[in-house]
Amino acid sequence: MTRAEFLKNVVPFNVLPEKVLLGVADLFHEVRYVKDTVIYQQEVTKMKGIDIIVEGKYESFFYDSSHARRLEEHHEAGFCYGGVSVLLNRKRSLRTVIAKKGTVVYFLPRKDFRALCNAYDEFFHHFTADFGRRMLNEEFAHFAKKPTSFEESYLASEQLYSRRIESIGYRDIVYCYPDTPIFKAAGIMAENKTSCMIVRSPEGVVEGFVTDITLRDKVIAARGDVNAPVIEVVDNPVVTISSQAFVYEAVLMMFSTKTKYLLVEENGVYKGIISRNRLLSEQAQSPLVYVQSVKLAVSVEELRSKWQQVPQMITQLLGRGVNAEIINQIISTIADTIAQKVIEEVIKRVGEPPAKFVFMVLGSEGRKEQTLKTDQDNAIIYEDKANEQRELVRDYFLNFAKIVSEKLNYIGFSYCTGGFMASNPNWTHSLSHWKRNYESWMEESLPETVIKFSTFFDCRYIYGDKTIISELHSFLDAKLHEPMEKLFFHMANNAVQYQPPLTFFKNIRTITVGEQEVFDIKKAMTPIVDLVRLYCLKNRIFKTNTGERLKALKDIKVFSESEFHELNQSYYYLMAMRLKKQASQIIHDKAVPENYIDPNSLTKIEQVTLKEIFRTIESFQSRLRREYTSNLFG
């Protein structure tokens with residue numbers, strides 16, 4: 001068969017006039033490929049023309065950031081490759097292409113191909129129409145449009161994380177006495193042009209504060225007596241912050257306490273007052289403003305959209321060198337805000353709770369160490385009620401928890417595969433039942449119960465009555481005064497079970513997952529979490545965050561200054577690497593994030609740093625073995 005006869009059966013060359021086809025046939029060059037030749041690399045190879053397969057086969061696909069093949073296709077004789085790349089992708093190969101053994105192609109130079117496109121509309125429209133059809137496939141469209149660089153930043157500037165409260169112009173404090181009539185208090189506020197005034201006793205004790213909203217809601221709307229003393233309408237609690245605190249800490253504190261004003265304190269003396277609006281105006285483009293937008297969301301659909309934008313924000317934070325500990329706090333604050341919005345919406349739907357309760361989060365969420373691969377870990381504690389009310393109360397909270405869980409799953413917080421959710425009847429109970437749970441786990445001290453205890457020791461309040469969880473902590477504090485050698489033995493044993501992925505020759509040991517050689521970065525971090533938790537339990541420290549726990553242990557000399565820095569830096573270096581990989585998978589690969597890292601994808605510096613971190617972990621595990629596991633009762 002002549003070249004021209006072959007081209008008559010190739011789309012779109014079959015639409016060309018016969019005389020043109022005869023002339024075009026002479027412009028092709030025949031090219032042969034041996035087995036598994038990589039001909040074109042996605043977004044790298046500059047196309048010199050187009051190929052038509054005569055014999056053999058092409059494999060084409062996209063690579064994602066993990067070097068996994070996506071949308072793999074096989075093309076045989078008669079297939080034309082390269083037209084879309086030349087016309088619509090800046091002459092760069094859209095996909096990676098590998099020629100199989102014995103493949104023969106006809107190659108048409110780029111200038112000749114373009115000339116045909118300019119001369120024959122039907123020929124040209126074949127490529128544009130084919131590309132249009134392919135772009136209807138969401139995954140194809142994601143890779144074909146080349147992931148954005150995301151240079152539009154949510155960050156205002158790096159100063160957000162280095163700037164202290166004292167650098168911001170907070171206002172002088174306006175005071176009045178508790179017995180000041182409401183109308184006079186309002187007059188003082190008007191005279192001083194302030195929206196917030198502190199109420200304090202003649203002795204200087206702060207007893208609350210009054211805002212424009214206080215006067216609107218508690219006096220005007222309620223038709224209250226304006227001659228009544230202002231103490232009758234004050235808001236509490238007054239939240240204070242050190243003038244040496246960072247700006248980001250102040251904003252996070254405002255969101256967690258739901259206050260719009262902070263009293264700035266310096267060496268025990270109140271120096272001024274700062275509003276949320278003042279802080280946010282300082283950081284108009286910061287991710288903390290994003291938290292406010294989450295608070296203003298009015299539907300689960302909007303909350304879902306907000307959560308889907310978080311990876312882009314995290315990429316920006318990491319790119320600007322923001323510490324992973326801060327990033328964890330921001331992710332957790334956004335997640336907490338979403339959960340709180342959901343809980344409030346569900347309460348409106350099902351009615352007010354029949355008992356005081358706490359909705360608490362567990363595990364990594366409880367430690368404020370959420371990543372982008374996150375599921376639900378939560379539980380409910382409600383106050384004890386009389387026998388005749390128990391079933392009613394329990395039914396309410398189980399139904400409430402089920403609806404909350406469904407909404408969180410829809411938003412993007414998937415169901416916990418281990419079942420550690422409030423919607424599971426095992427994890428929604430009265431306070432007395434929870435105390436029995438903890439007590440039995442501690443006393444049994446079996447490997448399986450110790451795992452439960454560890455999970456639930458990392459519990460953190462996010463909604464409800466804080467006094468309930470405070471009472472639980474007091475109970476645990478009392479129990480931990482008792483001998484707990486067996487409990488600590490099993491916890492220490494858990495902390496040394498996982499061996500950091502180092503080979504005998506101190507290279508990074510990998511496992512095979514699919515076609516990749518990787519290590520699990522989550523498992524590599526777990527020993528640090530476990531050993532820090534153990535030392536906190538031993539010393540009855542009820543902080544939940546690993547970084548905060550480390551600081552507390554350093555303060556009581558469990559860890560030296562150098563040991564603290566070793567563990568802290570190791571942990572957050574791994575966390576940053578984990579967050580970066582997950583954000584990249586979501587944004588660039590449009591894939592579900594996971595915790596596997598290919599050592600070959602890392603720079604030499606990153607590989608060397610990892611090896612040092614793994615040695616540090618091994619060293620602390622050896623210390624645990626000496627202190628806890630060498631003798632069960634020692």
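Please go through segment 486-498 and give me each residue that is in contact (Cβ under 8 Å) with a residue 40 or more places away in the chain and either touching a strand residue (DSSP E or B) at 6+ places or on another chain (Cβ under 8 Å) or surrounded by fewer than 17 Cβ atoms within 10 Å (Cβ to Cβ) (or both), ordered by number.
LYS486
Could you say which residue among ARG3, ARG32, ARG69 is out of contact with any Leu (no Cβ under 8 Å at 6 or more places or on another chain) and modelled with pLDDT under 90?
Numbers: ARG3 fails: modelled with pLDDT under 90; ARG32 fails: modelled with pLDDT under 90.
Only one candidate qualifies: ARG69.
Which residues, counting only those in segment 347-368, are crowded, with 19+ Cβ neighbours inside 10 Å and either among the hydroxyl-bearing types (Ser, Thr, Tyr) or under 21 Å from GLY412 (Cα atoms) (or both)?
PHE359, MET360, VAL361, LEU362, GLY363, SER364, GLU365, GLY366, ARG367, LYS368
Among the listed residues PHE620, PHE559, PHE564, which satisfies the condition of being more than 24 Å from the chain's Cα centre (by Cα), within 30 Å of ASP477 (Cα to Cα) and surrounded by fewer than 18 Cβ atoms within 10 Å (Cβ to Cβ)? Working first, answer last.
Working: PHE620 fails: surrounded by fewer than 18 Cβ atoms within 10 Å (Cβ to Cβ); PHE559 fails: surrounded by fewer than 18 Cβ atoms within 10 Å (Cβ to Cβ).
Just one listed residue meets the conditions, PHE564.
Which residue out of ARG509, ARG540, ARG533, ARG549 is touching a helix residue (DSSP H, G or I) at 6+ places or on another chain (Cβ under 7 Å) and without any contact (Cβ under 8 Å) to a residue 60 or more places away in the chain?
Numbers: ARG509 fails: touching a helix residue (DSSP H, G or I) at 6+ places or on another chain (Cβ under 7 Å); ARG540 fails: without any contact (Cβ under 8 Å) to a residue 60 or more places away in the chain; ARG533 fails: without any contact (Cβ under 8 Å) to a residue 60 or more places away in the chain.
Going through ARG509, ARG540, ARG533, ARG549 in turn, the sole match is ARG549.
So, in segment 115-129, exactly how many residues are crowded, with 16+ Cβ neighbours inside 10 Å and not aromatic (Phe, Trp, Tyr)? Give the derivation first.
Restricting attention to segment 115-129, the residues satisfying the condition of being crowded, with 16+ Cβ neighbours inside 10 Å are 116-117, 120, 123-124, 126-127.
Subset that is not aromatic (Phe, Trp, Tyr): 116-117, 126.
The qualifying residues number 3.
Which is outside the structural domain of GLY204 (by TED's automatic domain parsing), closer than 29 Å to TYR170 by Cβ and of a type in the set (A, V, I, L, M, F, W, C), of VAL322, VAL342, VAL346, VAL300? So that I can check it myself, show each step before the final result.
Working: VAL342 fails: closer than 29 Å to TYR170 by Cβ; VAL346 fails: closer than 29 Å to TYR170 by Cβ; VAL300 fails: closer than 29 Å to TYR170 by Cβ.
Testing whether each residue is outside the structural domain of GLY204 (by TED's automatic domain parsing), closer than 29 Å to TYR170 by Cβ and of a type in the set (A, V, I, L, M, F, W, C) leaves just VAL322.
Within segment 597-608, which residues are assigned to a helix (DSSP H, G or I) and either farther than 11 Å from ILE508 by Cα or not assigned by TED's automatic domain parsing to the domain that holds TYR573 (or both)?
Taking segment 597-608 as the starting set, the residues that turn out to be assigned to a helix (DSSP H, G or I) are 599-601, 604-608.
Once the filter is applied, which keeps residues that are assigned to a helix (DSSP H, G or I) and either farther than 11 Å from ILE508 by Cα or not assigned by TED's automatic domain parsing to the domain that holds TYR573 (or both), segment 597-608 yields SER601, LYS604, ILE605, GLU606.
Could you look through segment 45-78, keep only residues that are within 14 Å of ARG134 (Cβ to Cβ) and hydrophobic (A, V, I, L, M, F, W, C), and pick out the one that is surrounded by the most Cβ atoms within 10 Å (Cβ to Cβ)?
PHE62
Go through LYS554, LYS506, LYS580, LYS590 for me and flag whichever is assigned to a helix (DSSP H, G or I) and at pLDDT below 95. Let's see the steps before the verdict.
Numbers: LYS554 fails: at pLDDT below 95; LYS506 fails: assigned to a helix (DSSP H, G or I); LYS590 fails: assigned to a helix (DSSP H, G or I).
Only one candidate qualifies: LYS580.
Given the criteria among the small types (Gly, Ala, Ser), surrounded by 22 or more Cβ atoms within 10 Å (Cβ to Cβ) and closer than 21 Å to TYR461 by Cα, does SER256 qualify? First the steps, then the outcome.
Numbers: among the small types (Gly, Ala, Ser): yes; surrounded by 22 or more Cβ atoms within 10 Å (Cβ to Cβ): no; closer than 21 Å to TYR461 by Cα: yes.
When the stated conditions are applied, SER256 does not pass them.
Condition first: touching a strand residue (DSSP E or B) at 6+ places or on another chain (Cβ under 7 Å) and under 22 Å from ILE330 (Cα atoms). Now tell me which residues in segment 250-263 satisfy that. So that I can check it myself, show each step before the final result.
Looking only at segment 250-263, we keep the residues that are touching a strand residue (DSSP E or B) at 6+ places or on another chain (Cβ under 7 Å), and these are 250, 253-254, 260-263.
The answer is ALA250, MET253, MET254, LYS260, TYR261, LEU262.
Which one of these does TYR261 not meet: (1) buried (at least 19 other Cβ atoms within 10 Å of the Cβ); (2) farther than 20 Å from THR194 by Cα; (3) modelled with pLDDT of 90 or more?
(2)
The values are calculated or read from the model by the stated rules, or taken from the named source; none is laboratory data. Quick caveat, the model's predicted, so the values are computed rather than measured. Cβ coordinates were reconstructed from backbone atoms using ideal geometry, including for glycine residues, and neighbour counts include every protein chain displayed.
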